[in-house]
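Please read the structure below before turning to the comments.
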Amino acid sequence: MERAANLTTDDFRALADALPQMAWVAEPSGDIIWYNRRWYDYTGTTIEQMRGWGWRDVHHPDHVERVVDRIGEAFRTGEPWKDTFPLRGADGEYRWFLSLAQPHRGPDGRILRWFGTNTDITERKGMERRLARHAIDLRRSNEELEQFAYVASHDLKAPLRGIENLVGWIEEDLEDSLTGDVRTNMELLKSRVRRLDSLLDDLLAYSRAGRADATMDTVDTKALVEELAVLVSPPEGFAITADASLPTLQAARAPLTQALQNLIGNAIKHHDRPAEGHIRVEAGSAGDVVEFVVTDDGPGIPEQFRERVFGMFQTLKPRDEVEGSGMGLAIVRKLVDRQGGKVWLADGPDGRGLAVHFTWPRDGRKGQADGLDG
């Protein structure tokens, strides 16, 4: 439409008749004096019917007053026009159009003509409505998932604790008569109860991951990793190193803490030599994001399984060998995704172990906006 301001009326008419859009020319007052062929093909009207403000007759009754007020204001002020509205076709059906108009001024700045176009955006409007419905459905599903997780975590924990207590009482009552196999089965039963209790906790953590993380804070990530190294209670002999490259940044502290804690805890849990294991947490700058790397010297993960382990409830070893819900990396991916970052796995630097890379926005507010919009 900016180019239209430099065209004569005849130039615009010749160009507009070749357009797939509707086009029109109006007097400075707003009286429309010409439409291109596309207008008449769609509306089934004549220039006599449409002269002046006759175009109001093809507008939807629910929108016409708003459109008249808005375009009337544009004609009075000389400001370019942009709006969307439905127009009635010759078949009586309405379709949505994007309307743009630009004033053409003379050397003295006075408006000589208005040039406008109407572009059919019905399909786009339909897609917008479908996306809006999907967004509502997704929001509802997320709310239902969180409600389910809350119920599971709270209402199911009480009977689980009752089962665990009951097993303990049975052990006390039969202490002198428990055989080796029965004692083993009792321990196995208690282990299963604790596993389900842990799984419920992790399910709740996954459903809430990243939902309450809007509060920005100045985070010294080196100090944060050093705090986590104590909090996770590693086995004696296990070393956790916070590299000097770890930066201080503006970030949502809670989700970043949860992501790092899950990765460190995961590396300890799956290490095959915990008495001499080592984890290093370091970082590097990559434009607007920080790339964190959590590297361990454990058994690693074969390349063919590296995408699978980000799924919910996925483990590579039987849960009787390594206790865990298989939710750790799924939670990390969800936390990172909500910040607009990425997470991926690579080999450790010495051909052993695993390096988990993830990106985090240096400015948390920007990262959250980018991530949620994308």
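The values are calculated or read from the model by the stated rules, or taken from the named source; none is laboratory data. Just so it is clear, the structure is predicted and the values come from calculations on it, not from any experiment. Cβ placement follows ideal geometry from the backbone for every residue including glycine, while neighbour counts extend to all protein chains displayed. Please note that ligands, DNA and RNA were not included when accessible areas were found on the heavy atoms of the full protein model with its side chains. Shrake-Rupley method; radii C 1.70, N 1.55, O 1.52, S 1.80 Å.
Leaving out ligands and nucleic acids, note down the accessible area per residue over segment 14-170 with a 1.4 angstrom probe, in whole Å².
58
Sorting check: for 160-166, 128-134, 68-74, which peptide has the highest mean count of neighbouring beta carbons within 10 Å, and how do the rest follow?
Details: 160-166: 13.1, 128-134: 10.3, 68-74: 14.7.
Ranking, from highest mean packing down: 68-74, 160-166, 128-134.
Could you tell me what fraction of 2.2 N^0.38 Å the Cα radius of gyration of segment 2-122 comes to, as a two-decimal ratio?
For segment 2-122, the normalised Cα radius of gyration comes out at 0.99.
Per residue of segment 344-355, what does 6.51 cos²θ - 1.76 cosθ + 1.60 with θ = phi - 60° give for ³J(HN,Hα)? Whole Hz please, x for Gly and Pro, Karplus curve as stated.
8, 10, 8, 5, x, x, 9, x, 10, x, 9, 10
Tell me, what ³J(HN,Hα) does each residue in segment 285-299 have, in order and in whole Hz, if you take phi through Karplus 6.51 cos²θ - 1.76 cosθ + 1.60 with θ = phi - 60° and put x for Gly and Pro?
Once rounded to whole Hz, the list reads 8, 9, x, 7, 10, 9, 9, 8, 9, 10, 10, 10, 10, x, x.
Over segment 214-368, average the accessible area per residue using a 1.4 Å probe and give it in Å², no decimals.
46
Could you tell me what percent of the accessible area of segment 2-122 is made up of carbon and sulfur, with a 1.4 Å probe and every protein chain present?
Of all accessible area on segment 2-122, carbon and sulfur atoms account for 47 percent.
Would you mind checking which residues have amide H under 5 Å from His278's amide H? H placed 1.01 Å from N; only 5 or more apart, or other chain.
Ala239, Asp297
For a quick check: with amide H placed at 1.01 Å from N, whose amide H comes under 5 Å from Phe97's, ignoring anything fewer than 5 positions away on the same chain?
Phe85, Leu87, Ile121
Would you mind calculating the relative contact order of segment 214-368 from Cα pairs under 8 angstrom and at least 6 residues apart, reporting the percent as a whole number?
Normalised by residue count, the contact order of segment 214-368 is 24 percent.
Counting only protein heavy atoms and using a 1.4 Å probe, what share of the accessible area of segment 214-368 belongs to carbon plus sulfur, as a whole percent?
Using a 1.4 Å probe with all protein chains present, segment 214-368 comes out at 50 percent carbon and sulfur.
Over the Cα atoms of segment 214-368, each weighted equally, I'd like the Debye log10 I(q)/I(0) at q = 0.12 Å⁻¹, rounded to two decimals.
So the normalised log intensities work out to -0.47.
If ligands, DNA and RNA are left out, what is the accessible area of Phe238 with a 1.4 Å probe, given in Å² to the nearest 10?
Looks like 20 Å² after rounding.
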